[in-house]
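To start, the structure under review is shown below, and the notes come after it.
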Amino acid sequence: MAKKPKHQRAKQENGQQGEGGSPQHGTDPRRTPVSDALRLTPSAPVTLSSHPADATPVGPQGKAEGVAASALVGSVLAGLQERLFAGSTAGDTRRLLLVLQGMDTSGKGGTVKHVIGHFNPSGCRIRAFKAPTEEERAHSFLWRITKALPEAGEIGIFDRSHYEDVLIGRVRSLAPPEEIARRYDHINNFERSLTESGVTIVKVFLHLSHDEQKRRLLERLDNPDKHWKFNPGDIDERALWPAYQQAYEIALQRCSTPAAPWYLVPADRKWYRNWAVSNLLREHLAALDPQYPKADFDVEECRRRLLETP
């Protein structure tokens, strides 16, 4: 791990806020709540270049510690998920939606795989959004999103999302500028209505560096078993890196709201990405504090009857 410049180490150790909407860190990065440390501030301009993609701003500071910590949080997440699902059988309509965004190779698929490893898949609703179909293009850009939302007691995971319509839509000029501008407000209103109906939204931007993306793309080319993951178009998209960074900065600032803030997760280190996302989910599920429903039958009577059976 590269040693940080002295002024950066001092800033982190003193808990100062960095540039570009950096979240504040406590004096001990292992004790600061992950949500507080990684949340982007709506009022602050977002400058991605001021956020090192290989940083470990909160939690474990080394790989071995991070991998061990991720393993420990798995059982906690499984228990919280079970309680959330159990509550829905008694009328609790709450659910959670994890939104993953990031440049190609930032690890959206890997994060989904890691998260699902903690949960019971039957309680999850996963959707990877590709280019819209002809039917989807005939509706509002939020139509296909609404159809994929988690139901009561479920955990939904979006690999890409409605934000594609202000990211690639902006970079590739897939809609007029005035339409792109209106979509930010549409997104904010949509997400606010979701939270008011019982959806906890956890929006994660997987922040990857330009150099690390190149390394991961080359790794796919060098390994025949990963050729299926490579698309020559990835090179064309990489050429548009500055435009995508600007599009993300605008979306992250315009759509990081009190109801649905954005969390910036440094993604150059896969182990840290996995730890951070797992703990963001842990904190949000713990805040919901789902409970097992009380029995609506006479437990002792049922016990007596069961014991009397052959």
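The values are calculated or read from the model by the stated rules, or taken from the named source; none is laboratory data. Since we're looking at a predicted model, the values are computed, not measured. Neighbour counts are summed over all protein chains in view; Cβ atoms, including those assigned to glycine, are modelled from backbone coordinates with ideal geometry. Side chains are part of the model used for accessible areas, which takes the heavy atoms of the whole protein and leaves out ligands, DNA and RNA. Shrake-Rupley method; radii C 1.70, N 1.55, O 1.52, S 1.80 Å.
Assorted remarks:
- Against the numbered list (1) at pLDDT 95 or above; (2) surrounded by 16 or more Cβ atoms within 10 Å (Cβ to Cβ); (3) of a type outside the set (Asp, Glu), Thr93 comes up short only at (2).
- Matching residues in region 138-147 - criterion: being more than 13 Å from Phe190 (Cβ to Cβ) and surrounded by 12 or more Cβ atoms within 10 Å (Cβ to Cβ): His139
- Every residue from region 232-263 that is among the aliphatic types (A, V, I, L, M), open to solvent by less than 10 Å² (accessible area, probe 1.4 Å) and within 16 Å of the chain's Cα centre (by Cα): Ala251, Leu252, Ala260
- Residue that is under 25 Å from Ser278 (Cα atoms), in contact with a Gly (Cβ under 6 Å, 6 or more places away or on another chain) and not in a loop (DSSP other than H, G, I, E, B), where the choices are Arg216, Arg125: Arg125
- Taking first residues from region 188-203 that are under 18 Å from Val166 (Cβ atoms) and partners that are assigned to a helix (DSSP H, G or I) and open to solvent by 30 Å² or more (accessible area, probe 1.4 Å), the Cβ contacts under 7 Å between residues at least 6 apart in sequence or on separate chains come to Ile201/Thr195.
- Residue within region 98-120 that is open to solvent by 30 Å² or more (accessible area, probe 1.4 Å) and assigned to a strand (DSSP E or B) present: no
- Some residue of region 272-283 being open to solvent by less than 20 Å² (accessible area, probe 1.4 Å), touching a residue at least 40 places away in the same chain (Cβ under 8 Å) and basic (Lys, Arg): yes
- Qualifying position, being charged (D, E, K, R), more than 21 Å from Tyr248 (Cα to Cα) and either surrounded by 13 or more Cβ atoms within 10 Å (Cβ to Cβ) or touching a Phe, Trp or Tyr at 6+ places or on another chain (Cβ under 9 Å) (or both), among Glu212, Glu191, Glu179, Glu219: Glu219
- Within region 63-120, considering residues that are more than 20 Å from Gly156 (Cβ to Cβ) and among the polar types (S, T, N, Q), the one farthest from the chain's Cα centre (by Cα): Ser75
- Any hit, region 156-173, residues being over 19 Å from Gly107 (Cα atoms), of a type outside the set (A, V, I, L, M) and not in a helix (DSSP H, G or I): yes
- Flag not set for Ala276, criterion: part of a helix (DSSP H, G or I), within 19 Å of Ser49 (Cα to Cα) and not hydroxyl-bearing (Ser, Thr, Tyr).
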